[in-house]
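Quick notes on the structure that follows.
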Amino acid sequence: MRRRPDAVQASAVRRRLTGRTTGAFATAALLLPLVAAAPSETQAPTAQLQTAFSAAAAEYQVPQSVLLGVSYLQSRWDGHAGAPSVTGGYGPMHLTDAATALKAEAPHHSHGAEDARGDSSRSPRIPDAEIPEASELPDRLKTLTRAAELTGLSPEHLRTDPAANLRGGAALLAEAQKKAGRPLSKDPADWYAAVAAYSGADDQATAASYANEVFAVIRDGATRTTDAGQRVALDATPAATPDAEQLEALGLRRAAKGETDCPPTVSCEWIPAPYEEFGDNDYGNHDKANRPVDQSIDYIVVHDTEGRWDGVLKLVQDPTYVSWQYSLRATDGHIAQHLKLKDVGWHAGNWYINSKSIGLEHEGFLTKPDTWYTEAMYRSSAHLVKYLSKRYGIPLDRQHILGHDTVPGPTASTIPSMHTDPGPYWDWQHYFTLLGKPFHRSASPSGGLVTILPEYDEHSPEFTGCTKAGETCPAHGSSAVRVYTEPREDAPLVKDIGLRPGGGPSTIGVNDLGSRVSTGQRYAVAERKGDWTAIWYLGQKAWFKNPKKQPTAVDAEGRVITPKAGRAEVPVYGRAYPEAAAYAGTGITPQPVSALPYKLLAGQEYAAGEKKPGEYYFAPVFDTSGHKVVRGKDEYYEIQFGHRVAYVRAADVDVKSSN
């Protein structure tokens, strides 16, 4: 029986953290005041963090539920062995020291060979992104320094010692309470303004959204085992309903909502991407459209930025290149919207996907596994995606909620340059749990499909290349499962002929998607042998280890496609474009329906998604009067083909039940 996502026993991560965290708690006991004496000898070692929460709360006269609620929204009480978050936040209280933790980096759209627009009707542009200097860091990225001043503890202790980190967070909350003119009350409802201030947000709506999420946790309660094996519980306090008017005491700005389109549960600010013409039909950085009137919105694409917030905003406001609909900030979950949802952003590297999707950029780094994502950002993103899903009828599954790393290359030549974010360290199971659609077993072993579902914290496959080519990445929980040519771990990895046209082998590089699958993806079962399961993958049989005691996939059922009888193989496509005849009378040059270098062979089966009409959005120039959606008679099925999705012509395949 699988454990609930909020009560995962993180044994794999715990093994690598034990030495460091044991020493940290020993040090913490010496640092605590008399009212926070070290745990008794009879206390379970797994309860030490709970005691440290109680001690820090008592020392600074902060209600324990408030301290626990704030910490949960920042880190879900994890310590991450002293490693910083994506914005340089440390420990369970996410005390920020970005100047120490992070160097300035260019956002991922500002480098590499991928044409974010993904349409050959115009030439690609790759700008040089401006990177903010460290001196520009806002106060929300420097809270650890202030915590050190308030507690007298060294920055190193605050970064690496969980108990010290809790004291630092409690001190910051108490200071915020006093600045808001509020008493150090025992009633958590009196701490709304302090909690809002802790977010570091400079606008009222974001601070309020953050505080509302914290108080939702306080009201509902939570229980969890952390990445260091510490059992922590927050008892539900249903009566904790604060007065939101406390927020006025903080004097925060009112962010410009402009033309934002967001649910009321999050904060949104309008920071528009420019639509500008440069001459000779050259323009940027998005296309005007009239979705969903002229074409449906079928996808939401999850990206990570590979850069810090300020640099990302500068990039999307650069009129010469890329754009997407929303950016999400890690420290507090703040959302900036850049495009109207009716318009088409240039973000996914595939024009067909771009024209039918909404792009979400999350502040983060895929090649830095220990720079973890905050709970505040995960939750804010989930609120937004649920809202968009309901509004546009987008199903909440991995064939509609895509990672940028699952968007297919539109043509054979583009496959090697496609981006790989958010990468193997994005926690898809936790994300879909927040969306209200957690993955789970849905059939018996005769169901014919499997849903990939490793226990994130316990599953730590080896990757290389996070910092240097060939160098092993830090061990870390992962959503990715590796696939082999035979049912043994010393067998060669499955090859991806599209990624390596010369036939080179797949690797365990963090950006190499040639031989791995990911949480929530569904594949047709080809064979089973003991602890191993084979699936159909990129036109071949691919094996992954799936032991009963620690499964990496669960049984499922659904529709599958297979080549029509008598067909030895059928082509696979990276976009669902209409046939040439559909362009007749439009004055538009037919777009090639170009197959990818893969084949779907007779006898193979692949999990089938929706049937889609062939469509092409013609928008190669600034003047929108000539923009047009070309829709053909050909129809396509989306399938889970390899790590990325793909398309096959409906006329080439049969659809049947997987069982």
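Annotations
- Within the stretch 260-276, backbone nitrogen closer than 19 Å to the virtual label 7 Å beyond the Cα of Q317 toward Cβ: 260-261, 268-276
- Dividing the summed helix terms, -39500 (n - 2.57) for each DSSP H run of n ≥ 4, by the number of residues in the chain produces a 222 nm estimate of -6500 deg cm²/dmol to the nearest 500.
- Linear extension gain, R391 paired with N290, 0.36 nm per residue minus alpha-carbon span: 34.8 nm
- Note on the stretch 566-613: along the principal axes its Cα atoms extend 41, 21, 20 Å, ordered by decreasing extent.
- The stretch 607-659 versus the stretch 273-287: alpha-carbon centroid distance in Å: 27
- Sequence-distant contacts, meaning Cα pairs under 8 Å at least 6 residues apart, place the relative contact order of the chain at 12 percent.
- Projecting the Cα atoms of A170, A56, A584 onto the charge dipole of the chain (Cβ charges, centred on the Cα centre) puts A584 farthest toward the positive pole.
- Among beta bridges that DSSP assigns inside the chain, antiparallel share in %, nearest 5: 80
- Among beta bridges identified by DSSP and lying wholly in the stretch 442-557, the antiparallel ones come to about 95 percent.
- Residues in the stretch 312-342 that a label on F622 would reach, taking backbone N under 18 Å of a point 7 Å out along Cα→Cβ: 317-323
- Calculated log₁₀ intensity ratio I(q)/I(0) where the Debye formula runs over C-alpha points of the stretch 158-210, q = 0.12, 0.19, 0.32 Å⁻¹: -0.29, -0.67, -1.14
- Every Cα-Cα pair in the chain was counted, and those over 50 Å apart are 12% of them.
- Calculated over the stretch 442-557: convex hull of Cα atoms, volume per residue (Å³): 104
- Beta bridges assigned by DSSP with both partners in the stretch 256-424 are antiparallel in approximately 35 percent of cases.
- Rg/Rh (Cα only; Kirkwood hydrodynamic radius) as it applies to the stretch 322-380: 1.02
- Applying D = kT/(6 pi eta Rh) to the stretch 256-424, where Rh is the Kirkwood radius over alpha-carbon pairs, T corresponds to 20 °C and eta to 1.002 mPa s, the Stokes-Einstein value obtained is 133 µm²/s.
- FRET efficiency for the pair S444 and K564, taken as 1/(1 + (r/R0)^6) with r the Cβ-Cβ distance and R0 = 30 Å, rounds to 0.60.
- 3J(HN,Hα) along the stretch 69-76, derived from phi through the Karplus expression 6.51 cos²θ - 1.76 cosθ + 1.60 where θ = phi - 60°, amounts to x, 5, 4, 4, 5, 7, 9, 6 Hz, with x in place of Gly and Pro.
- Pairs of C-alpha atoms in the stretch 361-410 farther apart than 16 Å represent 55 percent of all such pairs.
- Cα gyration tensor, the stretch 368-440 - rounded (a/c under 1.5), prolate or oblate: oblate
- Under 16 Å from K612, Cα to Cα: lysines that are on another chain or at least 8 residues apart: K356, K633
- Taking the convex hull of the alpha carbon positions in the stretch 563-657 and averaging its projected area over all directions gives 7.2 nm².
We did not get these values from a lab; they are worked out from the coordinates using the rules stated. Because the structure is a prediction, the values reported are computed rather than measured. Virtual Cβ from ideal backbone geometry, glycine too; neighbours counted across all protein chains shown.
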